[in-house]
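The values are calculated or read from the model by the stated rules, or taken from the named source; none is laboratory data. If you're wondering where the values come from, they're calculated on a predicted model, not measured in any experiment. Cβ coordinates were reconstructed from backbone atoms using ideal geometry, including for glycine residues, and neighbour counts include every protein chain displayed. Remember, those area values only see protein heavy atoms, side chains included, never the ligands or the DNA or RNA. Shrake-Rupley method; radii C 1.70, N 1.55, O 1.52, S 1.80 Å.
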Amino acid sequence: MSRFLVFAALCALVLTAVSCTVLAQARPPAFVASEPIAIRDEVSQDGVVRLKTGVWRRTYEVPGTNVEEIDRNLDALRVNAGHGDFNAQTKWDLRWSMRYKQEGPVCSLTAVTLEYYAVVTLPALVDEASLAPADLERWYRFVDAIEAHEMAHVEREIAGAERLRQSLISLSPQPDCQAMAARVSEMGEQAKELIRRGDEAFDAETEHGAREGATFP
């Protein structure tokens, strides 16, 4: 499942600077083709480190008047949308910015902003009224399961971002601000890699949600 975009840390580009600008509030990224619905917008903070969390939900329309048509259209739509073999998709990113200050022989963080965002894309039936009750119930079970699977990814990713926040809270001063910027970036990239591995393990455990009922028909 394609759910990863790689972004360089903002401060890695300005290692020799004394401070970096704090990121603006989370907003839907450019890869979202249609207007998503915000379902989570939170900020957690402890000391100089804060985490902004933004999650958006969007859907793509699936036509069909019976199970066979819907299944066929799902196959075509997910391929055209670049979802590969999967009917749903979560794209996420974790990035950071920081402010720091040199005081004598050490450089200390004065502010860090972590920003996690995700866009969850899910199928939506065009005409529910055309389906027989038993087939509609089957669809409901499928979309509920697939959304629950994607949101479980989101919760795991947010937990990884929170672990990074906690680690940065206890980060010791560095010999200089170049070393500080490099250390924060290193910790951020390590956190992203751990999140990726966690996503892969969760998909392997659940067969990308199939074991949780995320299959149709």
Can you tell me which residues in the range 121-135 are open to solvent by less than 40 Å² (accessible area, probe 1.4 Å), closer than 21 Å to residue 37 by Cα and part of a loop (DSSP other than H, G, I, E, B)? none
Name the one entry in 51, 77 that is of a type in the set (A, V, I, L, M, F, W, C) and farther than 22 Å from residue 196 by Cα. 77
Give the number of residues within the range 99-113 that are of a type in the set (A, V, I, L, M), surrounded by fewer than 24 Cβ atoms within 10 Å (Cβ to Cβ) and in contact with a Leu (Cβ under 8 Å, 6 or more places away or on another chain). 1
Only residues in the range 43-65 that are more than 30 Å from residue 97 (Cα to Cα) count as the first member; pair them with residues that are of a type in the set (Ser, Thr, Tyr) and part of a strand (DSSP E or B), Cβ under 7 angstrom, at least 6 apart or cross-chain, and list the lot. 60/121
List the number of the failed condition for residue 90; all other conditions in (1) farther than 30 Å from residue 172 by Cα; (2) assigned to a strand (DSSP E or B); (3) at pLDDT 85 or above; (4) out of contact with any His (no Cβ under 7 Å at 6 or more places or on another chain) hold. (4)
Selection count where residues are touching a Gly at 6+ places or on another chain (Cβ under 9 Å) and under 20 Å from residue 135 (Cα atoms), scope the range 59-86: 5
By residue number, the members of the range 175-202 that are open to solvent by less than 40 Å² (accessible area, probe 1.4 Å) and either within 18 Å of residue 48 (Cα to Cα) or not charged (D, E, K, R) (or both) are 177, 179, 180, 181, 184, 185, 187, 188, 191, 195, 198, 202
